[in-house]
Amino acid sequence: MLKILFAPLQGYTTGIYRKAHAEIFGGVDAYYAPFLRIENGKPREKDLRDLNACEGNAQFKKTREIPQIIANSVNEFKILADALIAKGYTEIDFNMGCPFPMQVNRHRGAGLLNDGQAVQEIMGEIAKLSSAANETAQANANETAQANAKRTAPIKFSVKMRLGQESPDEAFALLPILNEAPLAQITLHPRLGKQQYKGAIDFKSFEKFYEECRHPLVYNGDITTVPQICEMERRYPKLAGVMIGRGMLARPSLAAEYQKLRDTNCAVSLNHTIAPQDFLGKLLQMHQVLFDNASKTYQGDSQILSHVQSFWEYLEPNVPKKLFKRIKKAGKLSEYQNAIIEIMPQSSSK
Ligand SMILES: Cc1cc2nc3c(=O)[nH]c(=O)nc-3n(C[C@H](O)[C@H](O)[C@H](O)COP(=O)(O)O)c2cc1C
């Protein structure tokens, strides 16, 4: 069965979102945190704080949280990787796919895909960091494990990438370098950076990459239903997993619904979907967890409001129109809360 990975979405899958999702819906093998970047020569504090949001939560620890780095050079990469290793993370994802012009123009994300030299240097650093950690792990195997747990754990690196910024040739030029690197996984979103998140997915290039990639490969792009996941599983038997972003924001039960089918290997068509009233009920539960955490984490009505309002953005097709409109219209936290309270009875009668 395929692993289901929750894609990172800057501004949406915040620490408190990930935590609330794991608690109420689950079904996800790993949550990828939105990228950590450099600000004034240092790891951005706000991004680091967001990772802290999930620390010490037992429910959340059942799944994995994997932080992600975006960097334009081996120097930036090293600063960010060191900060995450110091925090005790043992899995780190590297972003070579972000299409936002702010990042691409600074030679980060998809803007790095045409620079074989920089990618080679970063892969060299990955090789150093993962083998250094492994050596330390062996050397310390007999020492008091607890005290050394953080620095002895082997570090696994993965890459999340697109086919290129301008052309799929970019990914195929990099593939020999990536194949040689000690990567745990590659996630491929088969679009170009210049397409951003729209336009046709290039399955032809995906299939070529699938054949030539020597690492476990994860597919990412436009998955919104369980039958689509099953179809990916059938079409690409070597696939390690699918990473889902907007489809999970729109239907947070998606991973759990697929998990329900896992025992049957997608072979039988069971009724795996959650009933609409149960879906809305669980959505409101998840919202409550998110709201409580946002109220504790953020200060001021407008900060809290912006965090909780973004929760609903991709849910429009899956929630009653009236609920969606009232939530979007709320300009104050009190108006927002009234809208939610009024919707509560509707959720059980719908
Ligand atoms: C608003 C937004 C923010 C995103 N932030 C990140 C990010 O921080 N890191 C990353 O690797 N991808 C990011 N992505 C890309 C998604 O992880 C994913 O690759 C993309 O949405 C395609 O998958 P989907 O069709 O399942 O949503 C972002 C996408 C959107 C729309």
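Between K42 and Q196, what's the calculated FRET efficiency when r is the beta-carbon distance and R0 is 25 Å? Round to 0.05. It would help to have the intermediate numbers written out before the result.
Numbers: r = 29 Å, r/R0 = 1.15.
Result of the calculation: an efficiency of 0.30.
Relative contact order of the chain, please, whole-number percent, based on alpha carbon pairs below 8 angstrom and at least 6 residues apart. Intermediate values should be presented prior to the final figure.
On the way: 561 pairs, mean separation 56.7, N = 350.
It comes to 16 percent, rounded to a whole number.
Dipole of the range 276-349, Cα-centred, from +1 at each Lys and Arg C-beta and -1 at each Asp and Glu C-beta, to the nearest 20 debye? Don't skip to the answer; put the middle values down first.
Numbers: 9 positive and 7 negative charges, 42 e Å.
Around 200 debye, computed over the range 276-349.
Please work out how much length the chain gains when fully extended from Q309 to K128, using 0.36 nm per residue of separation minus the C-alpha to C-alpha distance, in nm with one decimal.
60.9 nm
Given H placed on each backbone N at 1.01 Å, which residues far from R106 in sequence or on other chains put an amide H within less than 5 Å of it?
Residues meeting the criterion, in which the H sits 1.01 Å from N, do not exist here.
Which value at 222 nm does the chain reach when only helices count, each DSSP H run of 4 or more adding -39,500 (n - 2.57), with the total divided by all residues and rounded to the nearest 500 deg cm²/dmol?
The helix-only estimate for the chain comes to -15500 deg cm²/dmol at 222 nm.
What does the highest-first list of 174-184, 17-27 look like by mean Cβ count within 10 Å?
Numbers: 174-184: 16.9, 17-27: 22.0.
So the peptides 174-184, 17-27, ranked by packing, come out 17-27, 174-184.
Per Stokes-Einstein, at 20 °C and 1.002 mPa s, what whole-number D in µm² s⁻¹ belongs to the range 276-349, with the Kirkwood radius over Cα pairs as the hydrodynamic radius?
Values: Rh = 12.4 Å.
For these conditions, the coefficient is 172 µm²/s.
How long are the semi-axes of the ellipsoid equivalent to the range 161-277, from square roots of 5 times the Cα gyration tensor eigenvalues, in whole Å, largest first? The partial results should precede the final answer.
Working: eigenvalues 160, 56, 25 Å².
Each semi-axis is the square root of five times an eigenvalue, giving 28, 17, 11 Å.
Where nothing but the Cβ of Lys and Arg (+1) and of Asp and Glu (-1) is charged, how large is the charge dipole of the chain around its Cα centre, in debye to the nearest 20? Write down the numbers at each step before the final one.
On the way: 44 positive and 37 negative charges, 186 e Å.
Charge dipole, the chain, about its Cα centre: 900 debye, nearest 20.
So, in nm, how far is label E212 from label R262 when the simple model puts each one 7 Å beyond its Cα toward the Cβ?
Here the modelled spin labels are 3.3 nm apart.
Summing +1 for each Lys or Arg and -1 for each Asp or Glu, what net charge is found among the other residues whose Cβ lies under 12 Å from the Cβ of G247? Walk me through the numbers on the way to the answer.
Details: positive: R246, R251; negative: D222, E257.
Around G247, the charge tally is 0.
Just flag the trypsin sites (Lys or Arg not before Pro) in the range 177-286 sitting in loop per DSSP whose Cβ has no more than 13 other Cβ atoms within 10 Å.
Working: sites: R191, K194, K198, K204, K208, R214, R234, R235, K238, R246, K260, R262, K282; in loops: K198, R214, K238.
Taking the range 177-286 and a limit of 13 other Cβ atoms within 10 Å, the loop trypsin sites (Lys or Arg not before Pro) found are K198, R214, K238.
Would you mind giving the three semi-axes, in whole Å and largest first, of the ellipsoid equivalent to the chain according to its Cα gyration tensor?
Values: eigenvalues 224, 119, 88 Å².
Result for the chain: semi-axes of 33, 24, 21 Å.
Here, each number is a calculation from the coordinates, and none is a lab measurement. Bear in mind that the values here come from a model prediction, so they are computed numbers and not experimental data. In this analysis, Cβ positions are derived from the backbone assuming ideal geometry, glycine residues included, and neighbour counts consider all displayed protein chains.
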